[in-house]
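Coordinate-derived values only; no laboratory data. Small disclaimer: the values here were computed from a predicted structure and weren't measured. In this analysis, Cβ positions are derived from the backbone assuming ideal geometry, glycine residues included, and neighbour counts consider all displayed protein chains.
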Amino acid sequence: MESGDRVLDIGCGIGRMAIPLMDVLTGGSYEGFDTSKTMIRWCDRNLSSRRPDFRFTYAPIYNRKYNPFGTIDARDYKFPYPDDEFDFAFATSVFTHLGIEDSTRYLSELSRVLKPGGTALVTCFLLGGSGRPSRTDGLPFNFRYEFGPLRSTDADEPEAAVAFPEDLLLELVESTGLEVDRPISYGRWPEIDRGPDVQDSIVIRKPVGA
Ligand SMILES: C[S@@+](CC[C@H](N)C(=O)[O-])C[C@H]1O[C@@H](n2cnc3c(N)ncnc32)[C@H](O)[C@@H]1O
């Protein structure tokens, strides 16, 4: 990432990415959005107050876990930014809380708002493929329940922790015109249930000329 980059943080939470980026983005800009009003308010008070070029937007999207009072479906949400706007986007631990239609929409929106040549870092849980277990019985995260074509650890609140069959996620990403860097960097979730490198990390690029 360069100091002049325009950065988007999808599901920015309480600024876990924004805070270290304050030292990096000296000439660029940062936009974060999240469906939690409380977290956005906290970021406004504690981060935008110090750095007005770091902007946080509340998105009134329904999420059973994070915003049960939301009025918009994630599958219909248009990111509030123009096309080809960002050099870099984060979605850390966000696709872990979305269903299949929401994820499809978010990847398509990511493709729209990234500049050609732009990059995104997405963390998630992947199943199957060459490097991940297909069955999770006895593991710290047991994705034992079906959630459409995805899997979840929780039958009553599937958005608590969602996993994607790896092939399906790669297909979805590529169907939006984006490309996935290989090899994928796999996290440690089959062994541990917390820590910075628990989730799988995917680097996604929007091809130049797209
Ligand atoms: C586990 S937290 C991760 C927060 C942050 N990205 C981080 O890495 O610290 C998941 C975040 O996603 C947000 N979220 C859930 N559904 C969302 C949606 N449809 N659009 C945007 N944010 C969403 C939640 O409010 C929450 O802040």
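Tabulated values for the structure
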item: Net charge over other residues, Cβ less than 10 angstrom from the Cβ of residue 92 (K, R count +1; D, E count -1); result: 0
item: Label-reachable residues, region 76-98, where backbone N falls under 18 Å from a point 7 Å from residue 1's Cα toward its Cβ; result: 85-95
item: Under 10 Å, Cβ to Cβ, from residue 205 - net charge with Lys/Arg +1 and Asp/Glu -1; result: -1
item: Within the chain, longest stretch clear of exposed trypsin sites (Lys or Arg not before Pro) (DSSP loop, no more than 16 other Cβ within 10 Å); result: 79-134
item: Extension reserve of the residue 175-residue 37 stretch, reckoned as 0.36 nm per residue once the Cα distance is removed; result: 46.5 nm
item: Excluding exposed DSSP-loop GluC sites (Glu not before Pro) (at most 16 other C-beta within 10 Å), longest clean stretch of the chain; result: 3-190
item: Beta bridge orientation in the chain: antiparallel %, DSSP, nearest 5; result: 40 percent
item: C-alpha long axis of helix 166-175 to longest principal axis of the chain, angle in °; result: 40 degrees
item: Choice from 119, 153, 136 with maximal GNM fluctuation in the chain (Cα, 10 Å cutoff); result: 136
item: Sorted by Cβ neighbour density within 10 Å, fewest at the top, the residues 168, 139; result: 139, 168
item: Spacing of the two label points (7 Å from each Cα toward its C-beta) at residue 104 and residue 19, in nm; result: 3.8 nm
item: Between 0 and 90°, nearest 10: helix 100-113 axis offset from the chain longest Cα axis; result: 30 degrees
item: Residues in region 105-119 reached by a label modelled at residue 83 [backbone nitrogen below 15 Å; 7 Å Cα→Cβ]; result: 108-117
item: Simple spin-label estimate for residue 45 and residue 144 in nanometres, 7 Å along Cα-Cβ; result: 4.0 nm
item: Expected 222 nm ellipticity per residue - DSSP helices of 4 or more, -39500 (n - 2.57), all of the chain, to 500; result: -5000 deg cm²/dmol
item: Dipole magnitude of the chain, debye to nearest 20 (Cβ charges: Lys/Arg +1, Asp/Glu -1, about Cα centre); result: 480 debye
item: Separation between Cα centres of region 14-50 and region 75-153, rounded to whole Å; result: 21 Å
